[in-house]
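See structure below.
The values are calculated or read from the model by the stated rules, or taken from the named source; none is laboratory data. Note that the structure is predicted; figures quoted are calculated from it, not measured. Glycine also receives a Cβ, built like all others from the backbone with ideal geometry; neighbour counts cover every protein chain displayed. Heavy atoms of the whole protein, side chains included, go into the accessibility calculation; ligands, DNA and RNA do not. Shrake-Rupley method; radii C 1.70, N 1.55, O 1.52, S 1.80 Å.
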Amino acid sequence: MSQFAKFMKANKIVKENTKHPVTRSLCDENGRPLDWEFKHITSKENEEIREDCTFEVPVTGKPNMYRQKLKSSLYVQKMIAASVVCPDLFDAELQDSYGVTKPEDLLMAMVDDPGEYNDLASFVQKFQGFDVSFEEKVDEAKN
């Protein structure tokens, strides 16, 4: 196989979904926390989320000058919501049961314990690849 052919899409590794218990507030009949299912988002989806959470703020003392600011808490919420496969955070019936209309609000209502939410945010960021440097990934692939 030529070096170029190795870069073809057919050779790309498919990233599998994973399951993870998120909150002790939602349990099965045996009292075990329910597993939520997560998928990887693409770089394009991530950039769209990031852009949606970025706004311009005026630069003090410089008329007509603005700088970009990322609303990081909203970015993390939207990234988590985009990653969740199950439960379906876009389901109107589920949203209605919590009295919300957006997936991000549903997420916050379902995981209303701050510690659990921070654990979830950390898990999703690691799952999406934000935990390890590129150099560490190369070293891991070599072994």
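Below is a table of values for the structure above.
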read-out	value
Interchain or long-range residues, amide H under 5 Å from W36's placed H	H20, V22
Estimated vicinal HN-Hα couplings, Hz - the range 114-125 in sequence order (Karplus 6.51, -1.76, 1.60; Gly, Pro = x)	x, x, 5, 5, 4, 4, 4, 4, 5, 4, 5, 4
The range 1-114: relative contact order in percent, alpha carbon pairs under 8 Å with at least 6 residues between	19 percent
Segment D91-M108, length gained on full extension (0.36 nm per residue, minus Cα span)	4.6 nm
Most mobile listed residue (P63, P33, P114) in the chain, GNM with C-alpha springs under 10 Å	P63
For the chain, accessible area per residue (1.4 Å probe, heavy atoms of protein chains only), Å²	73 Å²
Lys/Arg +1, Asp/Glu -1 at C-beta; the range 41-89 dipole; positive extreme among S83, T42, T60	T60
Chain lengthening between R24 and K6 when straightened (0.36 nm per residue, less Cα-Cα)	2.0 nm
P(r) weight above 17 Å for the range 1-130, C-alpha pairs, percent	67 percent
Listed residues I49, I80, I13, most fluctuating in the chain (Gaussian network, C-alpha, under 10 Å)	I13
Charge context of N46, other residues only, Cβ under 13 angstrom, K/R +1, D/E -1	-1
Pairwise FRET efficiency - S122 versus E45, Cβ, R0 = 22 Å, nearest 0.05	0.65
Choice from K126, K78, K39 showing the highest fluctuation, given a GNM over the chain with Cα pairs closer than 10 Å	K126
